[in-house]
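Below is one structure, written out as structure tokens, with a few remarks after it.
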Amino acid sequence: MKKQLLVLTAVLGVASMGWASDKGDVKANATDRLDNAANVLKEVMGTPDKGIPQEVMDHAKCVAVVPHMVKGGFVFGAEGGRGVATCRTASGWSAPAFFSIEGGSWGLQIGVEGIDLVMVFQNDKGMQHLLESKFKVGGDASAAAGPVGRHASADTDWKMNAEILTYSRAKGAFAGLTLNGAAVHVDKDAMDAVYGANVTERDVLTGKVAAPESAHAFLSAVRGAKAEASAAQ
């Protein structure tokens, strides 16, 4: 048990060190997060045989990216990261909202890993959870590992049952990857720094707030991901 606790302490310590540095310049770190999320999406979609299928992107209500989420554990697991999300509106993709993800899992897992995480919200119910600024993956919102490749197989139930499809890109060895139990909530510090006080995640994701210049690369990557998926037919 002592070994488990030491590993968890180390994992959460790494995450907290990264988050603490945001206090020096929250807005600059939020901009870096947007740029990193854009790069993750471009790289994921740059390999069409292993990327997000066209059908999934066509059906997406919202897209969220967490660059370098820290995850690790020994039987018990811990995870944490900060991401950005955008949702479809009548005039295109919304300005990005900033969120944090943290929580635990149970499984046969050992080690520490940094992963890039992409979450694709597939229906209105999943989108509503994101608009509410706080929900639990696998509890409030159902999630499943998304199909990979040029096309989503017609015999899968990804479109019918999953509110959120998850994709991850590992940077180290890790077993037992799961998001069940992870809590997603608004990153108020980043929201305030980019949009000012009293601007809610719902305001941003429903298109009531204009996208800042710093978000253009990320939004372009989201639009490009859909185009990339379509071009890979």
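The values are calculated or read from the model by the stated rules, or taken from the named source; none is laboratory data. Computed from a predicted model, the values in this text were never measured in an experiment. Virtual Cβ from ideal backbone geometry, glycine too; neighbours counted across all protein chains shown.
Name the one entry in ALA152, ALA85, ALA144, ALA95 that is assigned to a loop (DSSP other than H, G, I, E, B) and either at pLDDT 70 or above or under 27 Å from ASP189 (Cα atoms) (or both). Break it down into steps so the answer makes sense when it comes.
Working: ALA152 fails: either at pLDDT 70 or above or under 27 Å from ASP189 (Cα atoms) (or both); ALA85 fails: assigned to a loop (DSSP other than H, G, I, E, B); ALA144 fails: assigned to a loop (DSSP other than H, G, I, E, B).
Unique residue meeting the criteria: ALA95.
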Requested in this report: Check whether at least one residue in the range 171-193 is modelled with pLDDT of 65 or more, touching a Leu at 6+ places or on another chain (Cβ under 9 Å) and surrounded by fewer than 16 Cβ atoms within 10 Å (Cβ to Cβ), and report yes or no.
Outcome: no
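How many residues does the range 28-71 contain that are in a helix (DSSP H, G or I) and in contact (Cβ under 8 Å) with a residue 24 or more places away in the chain? Outline the logic, then answer.
Taking the range 28-71 as the starting set, the residues that turn out to be in a helix (DSSP H, G or I) are 28-45, 48-50, 54-59.
Next cut, in contact (Cβ under 8 Å) with a residue 24 or more places away in the chain only: 29-31, 33-45, 48-50, 54-59.
Residues that pass the stated criteria total 25.
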